[in-house]
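What follows draws every value from the coordinates through simple rules; no lab data is involved. For clarity, every value in this text was computed on a predicted model and none was experimentally measured. Backbone-built Cβ (ideal geometry, glycine too); neighbour counts: all protein chains shown.
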Amino acid sequence: MSRISKDTVERIKQMAQVLDEESIANSFNISVDAVRDILLGKYEPEEDDSESQGINKIQVVERTRFVRNKTVAAISPGGGQGKTTILTALAMQSALTIPSQNPIVILDFADIPKVCTYMGIMGISALAECEDFIPTITRWPVKLKTTDGQIYEELTLRHPDIDNLHILPGVVFTSEWLQITADQLLKIIEDCQRVFALVIIDMPSDRKMFEAVLSIADAVLMVIKDDYPSIEGVAQMHPYLEHHKVTEKLIPVLNRYNGNIEDTKKMLNVFDMEIGFEALIPELKDIHEHMMISNRHPVISMPDTDFVKEISHLVRIVCPDWVITTKKEETSVFNFKGMLKTLFG
Ligand SMILES: Nc1ncnc2c1ncn2[C@@H]1O[C@H](COP(=O)(O)OP(=O)(O)OP(=O)(O)O)[C@@H](O)[C@H]1O
Ligand SMILES: [Mg+2]
């Protein structure tokens, strides 16, 4: 019989230090009674065999992820795995979901910025045409005026369809990176952390800047494509991530998931790895074509697709403290079998 893992139980206990039972229940999609039983120590998790076998496990949660304004970045074992696709969708979905409707920002620190394009709102030609009015990294002032309004109105763009979503479109031309320093990026992040409920960052590739941003992030999505070279890449990256203490804040995400987790597990086994993926994002066919034709991102125009549903799930993982009310529990009687069923299907 499937059991709740020790990791999950520990995670629930950790979260209980800062969150109420209902928020925790929502983020794990289990009943409040189930959470309560775990907290009362009525549920004994099984010892995890894999730990004693020395398998590399990647599924760790850092407490800060639940307690302050969050700063979320993404890394991948190699390029083109879906970081920008997922971060962009995450930014949009979280702005639509945040209960307080507080503002959220996405900072495009990529050398060749694509966040605006991936949101379907603006291409490089439009940026170049209105260069004087478009906020960029290089225009961020050393000293802000006294009001936070400057960040909202002058230094970031507001998404045309989602009022509480702001975007720092990055650079217009890649050559601007010659003048940008890691300190500048950190200053932008710190200013944004002060006024936005969530700061999402598409990473720069320069190693020094990359590591500076990595160190300041509360949560780091590790976006992996569902294929052998990508999984091999995770094994290659692992010592680097441990060196930079990133494993403590990783949220593993499997992108272009084809519905067969067993194959993925087999590939992981080759490298003695076990990864607790927190989101399984399926392929959304012709995503760019769709945006070019409809001028709308799938998060807005195709909310019923599995892709968007899984992005919503990722929002709950990244921000479990947002009380996102799903279906209210109708029964107050704790049902152990029911809880397992909810957890493991
Ligand atoms: N789940 C998905 N469904 C459909 N297309 C996807 C999906 N994930 C990624 N893609 C496509 O794969 C390509 C690469 O994705 P993306 O640009 O997000 O990767 P990246 O990790 O940000 O790349 P880079 O390392 O170059 O920044 C894009 O064309 C994107 O549209
Ligand atoms: Mg990218």
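Results, tabulated for the structure shown:
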read-out	value
Overall form of the range 178-233 per C-alpha gyration tensor (a/c, 1.5; a/b vs b/c)	oblate
Residue 271-residue 36 FRET efficiency (beta carbon distance; Förster radius 45 Å; 0.05 resolution)	0.70
Residues 208, 187, sorted so that the one with the fewest Cβ neighbours within 10 Å comes first	208, 187
Those residues of the range 252-286 whose amide nitrogen sits under 12 Å from the label point placed on residue 227, 7 Å along Cα→Cβ	256
Cross-link table 13/70; 83/249; 6/225, entries beyond 22 Å C-alpha to C-alpha	6/225
Three-way shape call for the range 55-321 based on the alpha-carbon gyration tensor, with the a/c threshold at 1.5	prolate
Residues 100, 76, 5 arranged by fewest to most Cβ contacts within 10 Å	100, 5, 76
Protection proxy ranking of 211-218, 91-98 - average other beta-carbon atoms within 10 Å, highest first	91-98, 211-218
Segments 296-305, 235-244 sorted - mean Cβ within 10 Å per residue, highest first	296-305, 235-244
Residue 142 versus residue 176: modelled label distance in nm, points set 7 Å from Cα along the beta carbon direction	2.0 nm
Efficiency of FRET from Cβ geometry, residue 294 and residue 5, R₀ 35 Å, rounded to 0.05	0.25
Gained length - residue 97 relative to residue 248, 0.36 nm times residue gap less alpha-carbon distance	51.7 nm
